[in-house]
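Trainee: Dropping the structure in here first, questions after.
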Amino acid sequence: LAGARLESLRTVTDAGASTYGNLNPSLHLSYDLGRKRTLKASLTRSLQRPDAADLNPNRLYVDAQNSTVGDPRLKPQRVAAAEAEYDYSGDALTWSVTAYARASDGTVSDYSYPDADTLLTTKRHSGRGRSRGLAADASGQHGKLSWRAGANLFHARLQTQDIDGVL
């Protein structure tokens, strides 16, 4: 199964406008190995949009020392993912093992600095993230008793800019 989604979005506020577009392709493969076993693989690229509060340009006072403000020009972060999965689906036992790798660029993170008489926190594009791992899930049934277990072993790395904007 192959596909692509074309996105285009324009956000306009009193503080400015932001426009972005992106082509997000995806590829999903599945192969039946027989005897209730399946091998799956996928490659995807997508956008992870900021929350609406992250785009709000109006200052919000959290307390006497802290305030927040959004950035209406904030663009989504780009995410690419690759996964390979092996599934077994028996009558009383089902399990799967998935290896994955994900990368994000234009990662949105908090940025705080002193402003007038408060510490102002906003969002900005400040780096990239990388993760990879191995996930396993199993479920089964014995009579009226059903059970499910899962585990995820992973490594994640987030590189962010320092105060001067250097990675």
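Trainee: If we keep just the residues of the range 82-109 that are of a type in the set (S, T, Y) and open to solvent by 30 Å² or more (accessible area, probe 1.4 Å), which is nearest to R130 (Cα to Cα)? Outline the logic, then answer.
Mentor: If we filter the range 82-109 for residues that are of a type in the set (S, T, Y), which is where we start, we get 86, 88-89, 94, 96, 98, 100, 104, 107, 109.
Then keep just the ones that are open to solvent by 30 Å² or more (accessible area, probe 1.4 Å); that gives 86, 88-89, 94.
Working: Y86: 23, Y88: 29, S89: 31, T94: 30 Å.
Only one residue fits best here, namely Y86.
Trainee: State which residue is surrounded by the most Cβ atoms within 10 Å (Cβ to Cβ) when the search covers only the range 35-51 and only residues that are outside any strand (DSSP E or B) and under 16 Å from the mean Cα position of the chain (by Cα).
Mentor: Looking only at the range 35-51, we keep the residues that are outside any strand (DSSP E or B), and these are 35-36, 49-51.
Imposing the further condition that a residue be under 16 Å from the mean Cα position of the chain (by Cα) reduces the set to 49-51.
Details: R49: 16, P50: 18, D51: 11.
Per the criteria, the residue is P50.
Trainee: Let me ask something else about it. So, of the residues in the range 66-81 that are part of a strand (DSSP E or B) and open to solvent by less than 40 Å² (accessible area, probe 1.4 Å), which turns out to be nearest to Y20 (Cα to Cα)?
Mentor: Let us first name the residues in the range 66-81 that are part of a strand (DSSP E or B), namely 66-68, 77-81.
Checking which are open to solvent by less than 40 Å² (accessible area, probe 1.4 Å) leaves us with 67, 77, 79, 81.
Working: S67: 28, Q77: 11, V79: 15, A81: 21 Å.
Among those residues, the one meeting the criterion is Q77.
Trainee: Now for a separate question. Only one of these is in contact with a Phe, Trp or Tyr (Cβ under 7 Å, 6 or more places away or on another chain) and in a strand (DSSP E or B): L29, L120. Name it. Talk me through it step by step, then tell me what you get.
Mentor: Details: L29 fails: in contact with a Phe, Trp or Tyr (Cβ under 7 Å, 6 or more places away or on another chain).
Of L29, L120, the one residue that is in contact with a Phe, Trp or Tyr (Cβ under 7 Å, 6 or more places away or on another chain) and in a strand (DSSP E or B) is L120.
Trainee: Let me spell it out: the conditions are (1) at pLDDT below 85; (2) among the polar types (S, T, N, Q); (3) open to solvent by 80 Å² or more (accessible area, probe 1.4 Å), and S18 meets all of them except one. Which number is the exception?
Mentor: Every listed condition holds for S18 apart from (3).
Trainee: Related question: Being within 22 Å of the chain's Cα centre (by Cα), at pLDDT 90 or above and either hydroxyl-bearing (S, T, Y) or outside any strand (DSSP E or B) (or both) is the filter here, so list the residues in the range 123-152 that pass it.
Mentor: Result: S131, single match.
The values are calculated or read from the model by the stated rules, or taken from the named source; none is laboratory data. The structure displayed is predicted, hence computed values, not measured ones. Every residue, glycine as well, gets a Cβ built from its backbone with ideal geometry; the counts of neighbours run over all protein chains shown. When the accessible area is computed, the model is the full protein with side chains, heavy atoms only, and any ligands, DNA or RNA have been set aside. Shrake-Rupley method; radii C 1.70, N 1.55, O 1.52, S 1.80 Å.
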